[in-house]
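Here's the structure, in structure tokens; my notes come after.
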Amino acid sequence: MGLLPRVDEKATQDNVKEYLKKDFPRLVVQAGYSMLEVQSPSFGGIGSKGNNVRNGIEDKIIDHFDARPIVNDTVRAINHCPEKYSLILRGLYIEDLKDWEIESKVSYGHTQYTTNKKIALLYFADAFQSIDDLHIYEEVSWKQYT
């Protein structure tokens, strides 16, 4: 056993995909951003072009949960992955490209692209860990240590 716990790679990849496909787009909307804003290379998440007219209920919800920092942290985590993996993640989850479009864009064959996509999901889990740990860990059998 090393310093880090063993990660169930397949389960972690599925967990990251679930977050990036389902939760992230909802968070973008809740933050008052559009995906076009998030796609911008200069996206910094400062301010919002969303409707600034709010009522008391909206104020309470926004005070309770502000999605902007999570959206910013998600984009930052994608950008902090090694470049070839960041390109795949941005293409899939920010630019909403199809796999074949990204394969063509990064000049990978299908097999190499599929392998790198799986690795990219693991890198994202690592980069996002300080925000939310999306890793799924393997069970440790303590019998082997006694």
Report summary line: Going through the stretch 15-37 in order, the residues found to be in contact (Cβ under 8 Å) with a residue 60 or more places away in the chain and under 12 Å from the mean Cα position of the chain (by Cα) are Asn15, Val16, Lys17, Tyr19, Leu20, Lys21, Phe24
Query raised in the report: If Asp133 passes every condition in (1) surrounded by 14 or more Cβ atoms within 10 Å (Cβ to Cβ); (2) within 22 Å of Arg26 (Cα to Cα) but one, which one does it miss?
Result: (1)
Report summary line: Every listed condition ((1) under 21 Å from Val71 (Cα atoms); (2) crowded, with 19+ Cβ neighbours inside 10 Å) holds for Ile102 save (1)
Query raised in the report: Has the stretch 93-105 got any residue that is at pLDDT 95 or above and among the β-branched types (Val, Ile, Thr)?
Result: yes
Query raised in the report: How many residues, within the stretch 81-127, are in a loop (DSSP other than H, G, I, E, B) and farther than 24 Å from Ser34 by Cα?
Result: 4
Report summary line: Ser130 meets each of (1) part of a helix (DSSP H, G or I); (2) polar (S, T, N, Q); (3) closer than 27 Å to Leu3 by Cβ with one exception, condition (1)
Report task. Please list, ordered by first then second residue, the pairs with beta carbon atoms under 7 Å, 6 or more apart or interchain, first in the stretch 61-81 and over 18 Å from Lys22 (Cα atoms), second modelled with pLDDT of 95 or more. Result -> Asn79/Ser86; His80/Ala127; Cys81/Leu89; Cys81/Ala120; Cys81/Tyr123; Cys81/Phe124; Cys81/Ala127
**Report entry** In the stretch 64-112, the residues that are out of contact with any Phe, Trp or Tyr (no Cβ under 9 Å at 6 or more places or on another chain) and within 20 Å of Lys10 (Cα to Cα)
**Finding:** Leu92, Thr111, Gln112
Query raised in the report: For the stretch 88-102, what are the residues that are within 14 Å of Thr115 (Cα to Cα) and of a type in the set (A, V, I, L, M)?
Result: Ile88, Leu89, Ile102
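Residue-wise test of (1) touching a Lys or Arg at 6+ places or on another chain (Cβ under 9 Å); (2) modelled with pLDDT of 90 or more; (3) not acidic (Asp, Glu).
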residue	(1), (2), (3)
Gly44	no, no, yes
Asn51	no, no, yes
Ile70	no, yes, yes
Thr74	no, yes, yes
Cys81	no, yes, yes
Tyr85	yes, yes, yes
Lys118	yes, yes, yes
Ala127	yes, yes, yes
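The values are calculated or read from the model by the stated rules, or taken from the named source; none is laboratory data. Please read these numbers as outputs of a predicted model, since none were measured by experiment. A quick note on method: Cβ atoms are made from the backbone with ideal geometry, for glycine too, and the neighbour counts reach across all protein chains shown.
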